[in-house]
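Participant: One structure is given below, represented as structure tokens, and several questions about it will come after.
The values are calculated or read from the model by the stated rules, or taken from the named source; none is laboratory data. Nothing here was measured: the structure is a model prediction, and the numbers come from that model. Ideal geometry is used to build each Cβ from the backbone, glycine not excepted, and the neighbour counts take in all protein chains shown. Side chains included, ligands, DNA and RNA excluded: accessible areas come from the protein's heavy atoms. Shrake-Rupley method; radii C 1.70, N 1.55, O 1.52, S 1.80 Å.
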Amino acid sequence: MDEPDTEPPLVVVPGADPSARQLCFAWGPAEVLVCETLFGRAGTGDGAPSSSCVFVVRRDQDIYIQTLRKLFNESHGIFMGLQRSEEELAGKSRKAQLVQVSKNYRSVIRACMEDMHQAAVSTQDPALQGQYSTQVSILSAMELIWNLCEILFVESATAGPLLLRLLDWVRLHVCDVDSMVREVLSSESPSKHKLFWNVVDVFVLQGRMDEARHLLSKEASANPTSMNMYKILDDLMKKMPVPSLSNTQTLTELELKWQHWHEECQRYLQDGTFASNPHMESICKILLGDEDAILEKKELMTTWYHFLVTRLLYSHPTVKPLELRFYAQSSMDLFLGGESSPEPLDMILMAAFEFEMHQVIKECSIVLSNWWFVAHLTDLLDHCKLLQSHNLYFGSNMREFLLLEYASGLFSHHSLWQLGVDYFDHCPEYGRVYLELHIERIPLSTEQKALKVLRICEQRQMHEQVRSICKIMAMKALRNNRLGSALSWSIRAKDAAFATLISDRFLKDYSERGCFSDLDLIDNLGPSMLLSDRLTFLGKYREFHRLYGEKRFPEAARLLLTLMTAHIAPCSFWMTLLTDALPLLEQKEVIFSAEQTYELMRCLEDLTAGNPDKQKFQEDDIETTKVEMLRLALARNLARVIVKEGTVEGS
Amino acid sequence: MEDVSAKFVSQKISRTRWRPLPAAALQPPDLFATGSWDNEDNRISIWSAGDLGNAGLNGEYHGEPHLLCDIQHNGDVMDMQFLDQERIVVASSTGTVTVFHHHQNNQTLSADHRWEKAHYHVDQDTACGGAACTGVVCNNPEIVTVGEDGRINLFRADQKDAVRTIDNADSSTLHAVTFLRTTEILTVNSIGQLKIWDLRQQRNEPSQIFSLAGDRVPLHCVDRHPNQQHIVATGGQDGMLSIWDIRQGTMPVSLLNAHEAEMWEVHFHPSDPDHLFTCSEDGSLWHWDTSTNVSEKPSFLHQGGRSTAYLSHSTINQSVVSAWLSSDPTKDRMEITNLIPNQTLSVNSLDVLGPCLVYGTDAEAIYVNRHLFA
């Protein structure tokens, strides 16, 4: 196995004191249980008693943030849409579809960010406020990375449009200067504001030429003396050639135009047109792509990737995707200037500029406290067919590995587990196994929840789990003395053994109380009666009672006899059945035929003879009396029936 | 402009209910309540459906439901029903039935009254004895609840103790309950039976039992036709919609293949009963419309405005009877539309009132459609 690239992060368990006592732990699916133990410290056994706390250490913490649930649920819908989407769509339309999916994901992140921001603003609790702000910055970093990946990987913008996309990207994400812009623009006379030139610079640095020109025109009208100078600068800015998204001009055309424009700027700078105004001179230098001039505005750019994009805009507007890495590296070095070391975010963006997709995903997995981001991004990139070559030395592939991790996190949540199911479904290799293991561990608090879990299992033909859930529910019902419910659960699971067990309980109740409970259920067993022999007997025996109650004696008698001769009734119950025959034998009219009476007698003899514990019958007075009474009744019935049958035949 | 507005609420929604409109109200319903399930802390929430009139002022927020107030609720919300304009009766998975009061002047919720462990297993005193209360129905001031313990309770909103309790009314789980008449209730259970109980009789037995033939598929929901009280619709575990005529027979008049999984709720439109709505575990919500065949008929009253259109409705209702009860509904050209095409997670609840529909899902979102018949 490879060595880990970074030191594993240290997790401090608040409340536990590893210096005093050892910690023991047990792995869970997505969490670890930790508790203090005295194990292995024989010498210090007499120390303070260990605390009675068990700590749950969770890996995917973000799952538990309330506001983020919106992110999980909404992105689940997008994820499912992506899995369903037509792979057949060829070329352009497929790409447009994937870009749209990516944009949807980003808009969910942004919506979530806004919610979180609202929460941060409205809360009074400073601790909570800090928490929310941290989340906002994490979300915005996620969106920043995602957007860059969208431009470079999903859309894979080509030279020309690439720069436009990067400019949009910078404008969208460098919002630190927005408040300054707003302040200046809303002041009474913007050109008199002390930050006026800063704002103009910001516009120029971000390539927002029209806005910059608009501001400059205000300044120009206030300064008629330098009108000419403004006009020239304005003209330069207006004429600046930019790549277009449509295919109306070729790259060579653009390069030519741009070269021409560049030379014009150069001329004006050299002949000192702007020498009298340092602000305008520096703008002109920026237009020329002078690195030092741009770097001077470091504060206005705030980040190295802004610097990179500005630099590209003014010196390499037709940069090709694969050239990006050189400019990115040098821009970062120049911008940070050895003063500070790059942060994780910088490294991730750098990896993206270098087209090291795997590096991006790896760094994100390490830095971010959730699996959501990497799982969804990897899945999207996989659908773009960008990750196919890569296989891990464990599991199946990276997409599946990350989805499994994310879904496992969802399953450890008391409420979000339902989302996890669909993610497992789209992991072809291990998803099913994971689902089987996780679904069994869902606490089944109500029948409705059990039904939902059951539906998930049934849809996926997970028979083992179906049986297990039904058994749990049947057992619960049985413990609550709800025999009817218990029976319906075991019928649903087609669990013959359990149905037998419950039928026995019904029969036991009957022999104790002399009447059936839950008649509505037993009378309506229908075809499910055939599930187990005992259940069949229960149903048939109940039928006998019904026939008897309806005074349909001959039918009742026939059924009773069949129950014994066909060995449907358990032997232990024969005595009860024979006793049930007593009133039938004692009826005024003869019910049992001679043949049936012989059968009954044989049953009785089988019972008394077959019983190995003969002593019991002799000692037990009641039992003996019963047997004697039965014999008497049978004999009398036989006598009557012989007479009757003889008479009928004779007449 | 989309007619449906959605809001993600960070809790799985088990029930949504419109607040009833005062008699003779002309405006569409504006407030609804939701209950959540399977959370560590479940909540009852009151939402404003969002006002169409404010569209211009609120800009992008137009139409999105917004939270007015909420309150913590112990256990999953299994069922919920407005008792009147201000009070909501909530059934909990702990077996408790609670009446919540919505104070409209300061937008707060408070628990008015609580029947602890109205439903329980075996022994009321054991800690885990509570049994989930699965259904509740109100007919102010009467409240009827049913539960997993097979018990039926009759409460009055103003009385501390149950007015009537039928222990062991059903040997299996009772899933839902509704009023048939003021003194009679209908229950459905997990072995495919529909039972009528007459609360005037002291016998603890149903006055009539209807059942599905064959597979005894559990029934999950029941609703009664608002005008023709003998027409009853139920939804089952296999997603089948059954229409029963309780005047005759013991079996459903028609079985309509519908959803692919459990049907969680079925509702006749309260004022337009030729429309029926069902929602299911498979993530779909269906609108069943039997009025189409009638509207195609030439009508002499069509030239008029709204009032005449209303008149023609009464004639529609005449034929609806046959539409719901006809043994072959396909002949009558029932129009069925799925209102949610791409949902994957369960739609647990829906409610219709006037032109408005509200539904809640396991994907933690609530949806409001204000132009059902547009």
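Participant: Per residue of A:69-77, what is the mean number of Cβ atoms on other protein chains within 10 angstrom of that residue's Cβ?
Facilitator: 5
Participant: Can you give me the distance in nm between label points at A:Ser85 and A:Lys626, each placed 7 Å from the Cα along the Cα-to-Cβ direction?
Facilitator: Those two pseudo-labels are separated by 7.5 nm.
Participant: Let me check against my output: what whole-number percent is the relative contact order of chain A, with C-alpha pairs under 8 Å and at least 6 apart? Let's see the in-between values first.
Facilitator: Numbers: 617 pairs, mean separation 52.6, N = 651.
Here the relative contact order equals 8 percent.
Participant: Starting at the first residue of the stretch A:122-139, write each ³J(HN,Hα) from the Karplus equation 6.51 cos²θ - 1.76 cosθ + 1.60 with θ = phi - 60°, in whole Hz, x for Gly and Pro.
Facilitator: Values, residue by residue: 7, 7, 9, 6, x, 5, 5, 4, x, 4, 4, 4, 4, 4, 4, 5, 5, 4 Hz.
Participant: Contact order normalised by length for the stretch A:446-550, with contacts defined as Cα pairs under 8 Å and 6 or more residues apart; what percent is it?
Facilitator: Values: 91 pairs, mean separation 19.8, N = 105.
With pairs under 8 Å counted, the relative contact order is 19 percent.
Participant: Moving on to the next point. By average Cβ neighbour count within 10 Å, what is the ranking of A:175-186, B:147-158 from highest down? Intermediate values should be presented prior to the final figure.
Facilitator: Numbers: A:175-186: 14.0, B:147-158: 22.0.
Highest to lowest by the protection proxy: B:147-158, A:175-186.
Participant: To make sure I understand the rule: partners must be lysines, Cα under 18 Å from the Cα of A:Lys644, and not fewer than 8 residues away in the same chain. Which ones qualify?
Facilitator: Partners within reach: A:Lys588.
Participant: Trypsin sites (Lys or Arg not before Pro), restricted to the stretch A:187-238: which are DSSP loop and have at most 10 other Cβ atoms within 10 Å? Before the final figure, lay out each step's value.
Facilitator: Values: sites: A:Lys192, A:Lys194, A:Arg208, A:Arg213, A:Lys218, A:Lys231, A:Lys238; in loops: A:Lys194, A:Arg208.
Answer in residue order: A:Lys194.
Participant: Work out the length of the dipole vector of the stretch A:239-378 about its Cα centre, built from +1 on the beta-carbon of each Lys and Arg and -1 on the beta-carbon of each Asp and Glu, and round it to the nearest 20 debye.
Facilitator: Magnitude of the dipole: close to 360 debye.
Participant: Right, another one. Could you run the Karplus curve 6.51 cos²θ - 1.76 cosθ + 1.60 with θ = phi - 60° over the stretch A:255-268 and give me ³J(HN,Hα) per residue in whole Hz, x for Gly and Pro?
Facilitator: Residue by residue, the stretch A:255-268 yields 4, 4, 4, 5, 4, 4, 5, 4, 5, 4, 4, 3, 4, 5 Hz.
Participant: Rolling a 1.4 angstrom probe over the protein chains, ignoring ligands and nucleic acids, what is the accessible area of A:His193 in square angstrom, nearest 10?
Facilitator: 40 Å²
Participant: In this model, which of A:Lys192/A:Lys239; A:Lys194/A:Lys297; A:Lys70/B:Lys12; A:Lys238/A:Lys297; A:Lys92/A:Lys257 are farther than 18 Å apart at the alpha-carbon? Write down the numbers at each step before the final one.
Facilitator: Working: A:Lys192/A:Lys239 27 Å; A:Lys194/A:Lys297 16 Å; A:Lys70/B:Lys12 11 Å; A:Lys238/A:Lys297 22 Å; A:Lys92/A:Lys257 29 Å.
Those over the limit are A:Lys192/A:Lys239; A:Lys238/A:Lys297; A:Lys92/A:Lys257.
Participant: A follow-up question, please. Going by amide H atoms built from the backbone, whose H comes under 5 Å of the H on B:Asn139, apart from near neighbours?
Facilitator: B:Val144
Participant: Find how many whole Å separate the alpha carbon centroid of the stretch A:554-588 from the alpha carbon centroid of the stretch B:215-257.
Facilitator: Between the Cα centre of the stretch B:215-257 and that of the stretch A:554-588, the gap is 40 Å.
Participant: Give me the inter-chain shielding for A:443-454: mean count of other chain Cβ atoms within 10 Å, whole number please. Walk me through the intermediate numbers first.
Facilitator: Details: counts 1, 0, 7, 14, 10, 15, 5, 0, 9, 10, 0, 2.
Mean number of neighbouring Cβ atoms from other chains: 6.
Participant: Can you give me the distance in nm between label points at A:Leu582 and A:Val32, each placed 7 Å from the Cα along the Cα-to-Cβ direction?
Facilitator: My value for the distance between the label points is 7.1 nm.
Participant: Right, another one. Which angle between 0 and 90 degrees, to the nearest 10, do you get for helix A:344-353 versus the longest principal axis of chain A when only C-alpha atoms count?
Facilitator: That helix lies at roughly 80 degrees to the long axis.
Participant: List the residues whose amide H sits under 5 Å from the amide H of A:Phe55, counting only those 5 or more places along or on another chain, with H placed 1.01 Å from N in the peptide plane.
Facilitator: A:Val34, A:Cys35
Participant: Across peptide B:74-82, how many C-beta atoms of other chains are within 10 Å of each residue C-beta, on average? Spell out each step's value before the answer.
Facilitator: Values: counts 0, 2, 4, 0, 3, 0, 0, 0, 0.
The shielding value for this peptide is 1.
Participant: Helix A:209-222 versus the longest principal axis of chain A: what angle, 0 to 90°, nearest 10, using Cα atoms?
Facilitator: Value to nearest ten degrees: 40.
Participant: What ranking, highest mean first, results for peptides A:624-632, A:490-498 when packing means the other Cβ atoms within 10 Å averaged over each residue?
Facilitator: A:490-498, A:624-632
Participant: Taking amide hydrogens as modeled 1.01 Å from N in the peptide plane, which residues meet the under 5 Å criterion relative to B:Leu285, leaving out close sequence neighbours?
Facilitator: Hits under the 5 Å cutoff: B:Leu339, B:Ile340.
Participant: If the only charges are +1 at each Lys and Arg Cβ and -1 at each Asp and Glu Cβ, what is the size of the charge dipole of chain A around the Cα centre, to the nearest 20 debye?
Facilitator: Values: 67 positive and 88 negative charges, 386 e Å.
Result for chain A is approximately 1860 debye, rounded to the nearest 20.
Participant: Taking Cα atoms, how many degrees apart are the long axis of helix A:161-173 and the longest axis of chain A, rounded to 10 and kept between 0 and 90?
Facilitator: 80 degrees
Participant: Here's another thing I want to ask about it. Can you give the calculated 222 nm mean residue ellipticity of the protein assembly as shown, where each DSSP H run of n ≥ 4 adds -39,500 (n - 2.57) and the sum is split over every residue, rounded to the nearest 500 deg cm²/dmol?
Facilitator: On the way: 34 runs with 446 residues, N = 1025.
Rounded to the nearest 500, it is -14000 deg cm²/dmol.
Participant: For the stretch A:446-550, take every pair of Cα atoms, bin their distances at 5 Å starting from 0, and report each bin as a whole percent.
Facilitator: P(r) for the stretch A:446-550, in whole percents per bin: 2, 13, 23, 23, 17, 11, 6, 3, 1, 0.
Participant: Just the Cα atoms of chain A, one point each, no solvent: what log10 I(q)/I(0) does Debye give at q = 0.06 Å⁻¹?
Facilitator: Relative scattering, expressed as log10 I(q)/I(0), comes to -0.59.
Participant: Hey, any idea what % of the stretch A:169-319's accessible area is carbon plus sulfur with a 1.4 Å probe?
Facilitator: Details: 3700 of 7330 Å².
C and S fraction of accessible area: 51 percent.
Participant: Can you order the peptides B:231-240, B:213-222 by their average number of other Cβ atoms within 10 Å per residue, highest first? Could the numbers behind the result be given before it?
Facilitator: Details: B:231-240: 23.2, B:213-222: 20.0.
Ranking, from highest mean packing down: B:231-240, B:213-222.
Participant: Identify, among A:Val433, B:Met263, B:Val4, the residue whose Cα sits farthest towards the positive end of the charge dipole of the protein assembly as shown, taking +1 on the Cβ of Lys and Arg and -1 on the Cβ of Asp and Glu, with the dipole about the Cα centre.
Facilitator: Positive-end residue among those listed: B:Met263.
Participant: Taking the Cα centre of chain A as the origin and placing charges on Cβ (Lys, Arg +1; Asp, Glu -1), which of A:Phe153, A:Leu195, A:Leu349 is farthest toward the positive end of the dipole?
Facilitator: The Cα lying farthest towards the positive end belongs to A:Phe153.
Participant: Given the convex hull of the Cα atoms of the stretch A:169-319, what is a quarter of its surface area in nm²? Kindly include the intermediate steps, with their values, before the conclusion.
Facilitator: Values: hull surface 36.3 nm².
Its Cα hull, projected and averaged over all orientations, spans 9.1 nm².
Participant: Could you derive backbone 3J(HN,Hα) for the stretch A:375-387 from the dihedral phi with the Karplus parameters 6.51, -1.76 and 1.60 (θ = phi - 60°), listing whole Hz in sequence and x where the residue is Gly or Pro?
Facilitator: Using θ = phi - 60°, the values come out as 4, 6, 5, 4, 4, 5, 5, 5, 5, 7, 6, 10, 10 Hz.
Participant: For chain A, build the charge dipole from Cβ charges (+1 Lys, Arg; -1 Asp, Glu) around the Cα centre, then report which of A:His262, A:Asn397, A:Ile63 sits farthest towards its positive end.
Facilitator: A:Ile63
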